[in-house]
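Read through the structure below, which is laid out as structure tokens, and then see the notes.
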Amino acid sequence: MSISAVWDRTTEFMSERASAVLAVAAPVIAATLFAGELGQRLFATTPGMGPGMSGLVPVLLQLPLLWAQLQVMALAIDPAVTPAEAVQRATNRLGAALLLWLVLLAVVIAAMLPVVALVLASGLPLDRLATLGPNPPPEAIQALIPPSAAPALLFALLYLMAAAVVIWVLYLRWGLVYVVTLVEAIGLPALGRSWRLTRGMTLALLGVSLLYALVAVVAALAAQTVVGTLLGLIFGRDGGLGVAGLGSALVSALVGAVMTVLATGFLAKFYLAARRAEDLG
């Protein structure tokens, strides 16, 4: 199976079905990402907003985002599917997809529990760290770390690096779970099905994911910098929730929406290619 061929089919989908994507999924994705950007800026500028609230918003926004991604997959899988049919198919499989997302989230949380245990056992004064605010200077954090906590924190860092590699591999191998549950109408067995379909493609998917992440980050930063600077010069700096901040957040959401549609379409086309390769033996 050729990754370049999958990319070619993805770009064809983006050009041929752009109007269908814009009719249903793209506005939902852009609005969801924009709400996430606003939430981050609100938590960063509002005293008293704890990490629990800032972590809850992305979880709540995952539902409409997942729904829109299922719509994109439905459009990419079958060229004959209309926007209305894509919405219906996505709605029908949203419950199963949400269950899979919760399972994947539980895997990540379980992998992070040893880090939490090591930090708690290190004697780090978490209550004093919490008083430093959302973006404390590194020297302020370093001043609060007791020397006795260094070994546990070092081990936690090493574990975190190893866990990140394992989670990234799992992310690549389970990347097809949503398109599998959409097309094959299965729930938790989609995890095993995705694992089989991506067998032997881990390194190729790793390269694609790294390239995608690089392009997405560069595009978002460039758009935010240009728009934020221009609006800042015109309307002045506003602390993140004025005209400049909102304009920057909107542009970031639009860029993120394009990249999300691109990645989702790629996964759908990769699934089709993997199915063909499986059928050929």
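The values are calculated or read from the model by the stated rules, or taken from the named source; none is laboratory data. Keep in mind that this is a model prediction, so the values were computed, not measured. Neighbour counts run over all protein chains shown; Cβ positions are idealised from the backbone, glycine included.
Would you point out the residue of region 255-281, among those that are touching a residue at least 12 places away in the same chain (Cβ under 8 Å) and of a type in the set (Gly, Ala, Ser), that is nearest to Ser209 (Cα to Cα)? Only one residue tops the list, namely Ala263.
Being surrounded by 19 or more Cβ atoms within 10 Å (Cβ to Cβ) and part of a helix (DSSP H, G or I) is the filter here; which residues of region 174-192 pass it?
First pass over region 174-192, keeping only residues surrounded by 19 or more Cβ atoms within 10 Å (Cβ to Cβ): 174-183, 190-191.
Scanning region 174-192 gives Val177, Tyr178, Val179, Val180, Thr181, Leu182, Val183, Ala190, Leu191.
Among residues of region 197-215 that are over 15 Å from Ile167 (Cα atoms), those with a beta-carbon under 9 Å from a residue that is modelled with pLDDT of 90 or more and not in a helix (DSSP H, G or I) at least six positions away or on a different chain give the pairs Leu197/Leu176; Thr198/Trp174; Thr198/Gly175; Thr198/Leu176. The number of residues in region 139-193 that are under 20 Å from the mean Cα position of the chain (by Cα), closer than 30 Å to Arg128 by Cα and charged (D, E, K, R) comes to 0.
Only residues that are in contact with a helix residue (DSSP H, G or I) (Cβ under 9 Å, 6 or more places away or on another chain), more than 22 Å from Leu188 (Cβ to Cβ) and not aliphatic (A, V, I, L, M): list them for region 100-128, please. Residues satisfying the conditions are Pro114, Ser122, Gly123, Pro125, Arg128.
Which one of Gly240, Gly245, Gly281, Gly232 is modelled with pLDDT under 90 and in contact with an Asp or Glu (Cβ under 6 Å, 6 or more places away or on another chain)? Outline the logic, then answer.
On the way: Gly240 fails: in contact with an Asp or Glu (Cβ under 6 Å, 6 or more places away or on another chain); Gly281 fails: in contact with an Asp or Glu (Cβ under 6 Å, 6 or more places away or on another chain); Gly232 fails: in contact with an Asp or Glu (Cβ under 6 Å, 6 or more places away or on another chain).
On inspection, the qualifying residue turns out to be Gly245.
Filtered by the rule that a residue be buried (at least 17 other Cβ atoms within 10 Å of the Cβ) and either at pLDDT 90 or above or not in a helix (DSSP H, G or I) (or both), region 35-61 gives no residues.
Residues that are modelled with pLDDT under 95, assigned to a loop (DSSP other than H, G, I, E, B) and hydroxyl-bearing (Ser, Thr, Tyr): does region 124-142 have at least one? Spell out the reasoning first.
Applying the first criterion (modelled with pLDDT under 95) to region 124-142 yields 124-142.
Next, from what is left, pick out any that are assigned to a loop (DSSP other than H, G, I, E, B): 124-125, 131-137.
Keeping just the survivors that are hydroxyl-bearing (Ser, Thr, Tyr) gives 131.
Yes, some residue in region 124-142 is modelled with pLDDT under 95, assigned to a loop (DSSP other than H, G, I, E, B) and hydroxyl-bearing (Ser, Thr, Tyr).
Residue check: Lys269 meets all listed conditions (1) charged (D, E, K, R); (2) surrounded by fewer than 20 Cβ atoms within 10 Å (Cβ to Cβ); (3) at pLDDT 95 or above but one, namely (2). When the criteria are applied in full, Ala74 meets the requirement of being under 23 Å from Ala273 (Cα atoms) and either touching a residue at least 24 places away in the same chain (Cβ under 8 Å) or exposed (fewer than 13 other Cβ atoms within 10 Å of the Cβ) (or both). Residue check: Thr225 meets all listed conditions (1) farther than 19 Å from Asp8 by Cα; (2) under 19 Å from the mean Cα position of the chain (by Cα); (3) surrounded by fewer than 16 Cβ atoms within 10 Å (Cβ to Cβ) but one, namely (2). Every listed requirement among (1) touching a residue at least 60 places away in the same chain (Cβ under 8 Å); (2) exposed (fewer than 15 other Cβ atoms within 10 Å of the Cβ) is met by Ala143 save one, (1).
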